[in-house]
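Have a look at the structure below, then the notes.
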Amino acid sequence: MREELKNHKIKYTKQRDELLSLLKESNQPLTINQIFESLKSTLDLSTIYRTLDLFVEKGLVSKLLVSEPSQTVYEFKHHGHKHHLICTECGLFQIIEGCPLHNYEERVEESTGFIIARHQLELYGICPACQLLTANT
């Protein structure tokens with residue numbers, strides 16, 4: 001983690017290392033509450049917020065505003081961007097492989113004259129496990 005922080009011009013601290021490690025090792029985006037529950041023995045809530053803001057500002061972490069359920073989640077920014085399937089029942093995040101919007105973005109730029117800087121795509125539904133639970137009730 002020390003190299004990741006250095007590469008993004010962020011001073012190394014043990015707390016930053018712990019927070020970044022948690023995000024990097026997670027297989028899905030995490031809410032503030034999930035982060036706090038994992039790190040509350042070593043980091044207080046205000047430190048978590050400040051550190052996440054720094055990580056987002058420096059491009060190390062992505063901040064996603066999810067509408068269902070209404071929450072903000074954070075994830076380590078691996079190379080490239082990601083899109084997600086989100087279960088409205090249990091909150092599961094599943095990564096969608098590849099970007100289905102790349103060609104569409106190019107066509108929109110050509111037809112409108114806009115230069116598109118970024119986009120965000122989340123698809124909401126009910127995951128197979130929750131579908132099974134619903135079918136059995």
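We did not get these values from a lab; they are worked out from the coordinates using the rules stated. These figures come from a predicted structure and were not determined experimentally. Neighbour counts run over all protein chains shown; Cβ positions are idealised from the backbone, glycine included.
Near the amide H of His83, within less than 5 Å, lie the amide hydrogens of Ile96, all on another chain or at least 5 residues away, with H placed in the peptide plane.
With Cα atoms as the point set, the chain shows a radius of gyration and Dmax of 17.4, 53 Å. Sequence-ordered 3J(HN,Hα) estimates for region 3-16 from the Karplus curve with 6.51, -1.76 and 1.60 and θ = phi - 60° stand at 5, 4, 5, 4, 4, 9, 6, 10, 5, 6, 9, 4, 5, 5 Hz, glycine and proline given as x. In this structure, the amide hydrogen of Leu92, modeled 1.01 Å from its nitrogen in the peptide plane, lies closer than 5 angstrom to those of Cys87, counting only residues at least 5 positions away or on a different chain.
For a quick check of your reading of the filter: which trypsin sites (Lys or Arg not before Pro) in region 1-103 sit in a DSSP loop and have no more than 14 other Cβ atoms within 10 Å?
Numbers: sites: Arg2, Lys6, Lys9, Lys11, Lys14, Arg16, Lys24, Lys40, Arg50, Lys58, Lys63, Lys77, Lys82; in loops: Lys9, Lys11, Lys40, Lys58, Lys77, Lys82.
Passing sites in region 1-103 are Lys9, Lys11, Lys40, Lys58.
Considering region 66-136 at the alpha-carbon level, its Rg and Dmax are found to be 15.4, 52 Å. The gain in end-to-end length when the Glu89 to Gln34 segment is fully stretched comes to 18.1 nm, 0.36 nm per residue minus the alpha carbon separation.
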